[in-house]
Amino acid sequence: MKNIRNAALAATTLAVISCNAFAADYSDDIHKNDYKWSQFNLMYAINEKPSGEDNLKHNYLEMEFGGRSGVVDLYGYVDVFNLLGSDSSDSDKKDGASKLYMKLAPRFSLDGMTGQDLSFGPVQEVYIATLFNWGGGAFNKDGTGDVNNAFFGLGSDVMVPWLGKVGMNLYGLYEVNNKDWNGYQFSMNWFKPFVNFDNGSFISYQGYIDYQFGMDTSAGGVSSGGAMFNGIYWHSERYSVGYGLKAYNDIYGIKDSSDFASSGFGHYFAATYKF
């Protein structure tokens, strides 16, 4: 997940201390737990990494969506950068640069497809996990083209103390433009309401970790790197607002340097309308 989850996910996030498994049940109706959500996030980012410039800022509109249909669990978003074509935006987001970036992350329940209860310990459900990243105007290691990456692996829903249900996935990365496998990625995301108000609104701690390792270092990069997003958001039925602190460490395997920063902290502000 990128920055924020819809409040509908709160209903499926179990805030428990126990780590006992609660198996997914497909015995009578494969679609009985179906749901869907979508929202528009107006975002403002400061010091996003990687970057060769200091104190960069840019705005973007994020169309975020997700849900469940039978054995398919889906999360995704589309970003539209630099909405007003500002020349003061980041160099790779200025007017004339690529405007769109898309992430799509479908997972396919092995419990549902096999008809078997694969839960164990704190693991509730097991998935075939996929992830696709497209666009954004970011260069690949050969110096050309938009991002065009595909990830394939295994995923799970895991009960974690205090956080409740957490998504965890381990992928292998296939760089489509380069026709080459390049390391692995561990991803984790969470959504934890921790303050509830009488009017039904609440405050949540939400975020994600994306950590890559085993990457090719022949182009002068490093073998591992990643980021952790930590967001605090207020949610009502139709709106949310929040702030996220993102910590970077050699993101995308790019070695941090004084000329091109790939480590440090970025700040994200969001205002959301939920459909």
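We did not get these values from a lab; they are worked out from the coordinates using the rules stated. This structure is a prediction, so every number in the text was calculated from the model and none was measured. In this analysis, Cβ positions are derived from the backbone assuming ideal geometry, glycine residues included, and neighbour counts consider all displayed protein chains.
When Rg and the Kirkwood radius Rh are both evaluated on Cα atoms of the range 7-274, their ratio Rg/Rh stands at 0.97. The protection proxy used here, the mean number of other Cβ atoms lying within 10 Å of each residue, ranks peptides 175-181, 128-134 as follows, highest first: 128-134, 175-181.
Using C-alpha pairs under 8 Å with a sequence gap of at least 6, the mean separation divided by the residue count of the range 7-274 gives a relative contact order of 18 percent.
Working from Cα pairs under 8 Å separated by at least six residues, relative contact order for the range 120-275 is 13 percent.
Counting only DSSP H runs of at least 4 residues, each contributing -39500 (n - 2.57), and dividing by the residue count of the chain, the helix-based mean residue ellipticity at 222 nm comes to -500 deg cm²/dmol.
Taking each of 99/274; 165/255; 36/179; 103/179; 103/255 in turn, the alpha-carbon distance tops 31 angstrom for 165/255; 36/179. Distance between the C-alpha centres of the range 21-52 and the range 144-171: 11 Å, rounded to the whole angstrom.
May I ask you to derive the FRET efficiency for residue 258 and residue 209 from their Cβ-Cβ distance with R0 = 25 Å, giving the value to the nearest 0.05?
Numbers: r = 26 Å, r/R0 = 1.06.
The calculated FRET efficiency here is 0.40.
Among 40-46, 207-213, the peptide with the highest mean count of other Cβ atoms within 10 Å heads the list, and the full ranking is 207-213, 40-46.
Taking the Cβ of residue 223 as the centre, find all other residues whose Cβ is under 11 Å away and add up their charges (Lys, Arg: +1; Asp, Glu: -1). Walk me through the intermediate numbers first.
Values: positive: 255; negative: 216, 250.
So the surrounding residues net to -1.
Placing +1 on each Lys and Arg Cβ and -1 on each Asp and Glu Cβ, with no other charges, gives the chain a dipole about its Cα centre of roughly 380 debye. Name the residue, out of 223, 119, 258, whose mean-square fluctuation peaks in a Gaussian network model built on the chain with Cα pairs under 10 Å. Checking each option, the largest mean-square fluctuation is seen for 258. Across 200, 164, 253, mean-square fluctuation computed from a Gaussian network of the chain (C-alpha pairs under 10 Å connected) peaks at 200. Counting 0.36 nm for each residue step from residue 152 to residue 30 and taking away their Cα separation leaves a gain of 41.5 nm.
Taking amide H as placed 1.01 Å from N in the peptide plane, residue 147 has its amide H under 5 Å from the amide H of 135, 137, 138, each at least 5 places away in sequence or on another chain. The Cβ shell under 12 Å around residue 123 holds other residues with a net charge of -3, Lys and Arg each +1, Asp and Glu each -1.
Shape analysis of the range 161-275 based on the Cα gyration tensor places the equivalent ellipsoid semi-axes at 33, 16, 12 Å, largest first. Ranked for footprinting exposure by Cβ neighbours inside 10 Å, fewest first, 68, 238 give 238, 68.
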